[in-house]
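Quick notes on the structure that follows.
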């Protein structure tokens, strides 16, 4: 399997099978890394990289845009308000849990043993 054409700006690659797989009508697959799609269908249906997507990532270092510095700097562009004094916080009594009575099972008698007596 090797990459025949690549468009790094659009993250679109054309991957060609060296040995065509039985059951596939085509020998080349278009992989769109930013969209997370491949012509084989496994990439979008399983949400897990198919062999064609891995082959397209292997030709160079591919880093998803969310992990680049520009994305991190964009987060810190907005202003963060300072945390108010802890004395001004409302009183917190913990999480209030309300059990569902319909989910409760009856406890009548002794449990049935699953051991075999010898």
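Summary table below
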item	result
Strands (runs of 3 or more DSSP E) (entirely within the stretch 1-78) containing at least 2 residues that are without any contact (Cβ under 8 Å) to a residue 24 or more places away in the chain, buried (at least 16 other Cβ atoms within 10 Å of the Cβ) and in contact with a strand residue (DSSP E or B) (Cβ under 7 Å, 6 or more places away or on another chain)	12-16, 28-32
Hits in the stretch 62-114 - residues which are modelled with pLDDT under 80 and more than 30 Å from residue 31 (Cα to Cα)	105, 106, 107, 108, 109, 110, 111, 112, 113, 114
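The values are calculated or read from the model by the stated rules, or taken from the named source; none is laboratory data. Here the structure is a predicted model, which means the values were calculated and not measured. Backbone-built Cβ (ideal geometry, glycine too); neighbour counts: all protein chains shown.
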